Amino acid sequence: MALISVVAKTSPQDLQTTDLINTMRNDYIPQATATSHTQIFVGGQTALGNDFSAILDSKIPLFLGVIVILGCLLLMVAFRSVLIPLTAAVMNLLAVGASFGLVVAVFQWGWGVRLLDRGRGPLNPSCPSS
């Protein structure tokens, strides 16, 4: 077992740091392990954050789909109609899109940060309230 520390010259939130992690995982590690059965893992807070964000990104469509379908079924049973549940599903999707857009506009683009007295920058996906 060995531990090799690689420290990026850029900040953890920088796109170049993510590119470094992806290059290590996709280029350097497969070349180093091509002739052996050695397992090499890339770890650290930045890699963990990138992996967690990727998992969340892949699950959002499933999450939204389940919420919309269950909401439609419940409204169909309650109102015995098709138009009301479909209208509610569209309105739910619009509300989710607007809320995600507002979070990005305020915290990543910096719109209105003076009103909230908060800094701008990337959001931590594991703790949205930070």
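The values are calculated or read from the model by the stated rules, or taken from the named source; none is laboratory data. Because the structure is predicted, anything quoted here is derived from the model rather than measured. Don't worry about glycine lacking a Cβ; one is built from the backbone with ideal geometry, like all the others, and counts go over all protein chains shown. To get the accessible areas, we keep the full protein, side chains included, count just its heavy atoms, and leave off ligands, DNA and RNA. Shrake-Rupley method; radii C 1.70, N 1.55, O 1.52, S 1.80 Å.
Against the conditions (1) under 30 Å from F107 (Cα atoms); (2) assigned to a loop (DSSP other than H, G, I, E, B); (3) among the small types (G, A, S), A2 satisfies every one except (1). When R114 is tested against (1) more than 19 Å from K59 (Cα to Cα); (2) modelled with pLDDT under 75; (3) surrounded by fewer than 11 Cβ atoms within 10 Å (Cβ to Cβ), exactly one condition is not met: (2). Applying the condition of being touching a Pro at 6+ places or on another chain (Cβ under 8 Å) and assigned to a helix (DSSP H, G or I) to region 5-55 and asking which residue is farthest from Q108 (Cα to Cα) yields Q45. Every condition in (1) within 22 Å of F107 (Cα to Cα); (2) surrounded by 11 or more Cβ atoms within 10 Å (Cβ to Cβ) holds for V82 except the one numbered (1).
Summed over region 58-112, residues that are in contact with a helix residue (DSSP H, G or I) (Cβ under 6 Å, 6 or more places away or on another chain), assigned to a loop (DSSP other than H, G, I, E, B) and of a type in the set (A, V, I, L, M, F, W, C) total 1.
Residue by residue, here is whether (1) under 19 Å from the mean Cα position of the chain (by Cα); (2) open to solvent by 100 Å² or more (accessible area, probe 1.4 Å) holds:
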{"position": "A8", "(1), (2)": "no, no"}
{"position": "D14", "(1), (2)": "yes, no"}
{"position": "I29", "(1), (2)": "no, no"}
{"position": "A32", "(1), (2)": "no, no"}
{"position": "I40", "(1), (2)": "no, no"}
{"position": "G43", "(1), (2)": "yes, no"}
{"position": "L48", "(1), (2)": "yes, yes"}
{"position": "D51", "(1), (2)": "yes, no"}
{"position": "L62", "(1), (2)": "yes, yes"}
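Here T18 fulfils each of the conditions (1) modelled with pLDDT under 90; (2) of a type in the set (S, T, N, Q); (3) within 14 Å of the chain's Cα centre (by Cα) apart from (1). Close Cβ contacts (under 9 Å, 6 or more residues apart or on different chains) running from residues in region 44-70 that are closer than 30 Å to L86 by Cβ to residues that are open to solvent by less than 70 Å² (accessible area, probe 1.4 Å) and outside any helix (DSSP H, G or I) comprise L56/P125; D57/P125.
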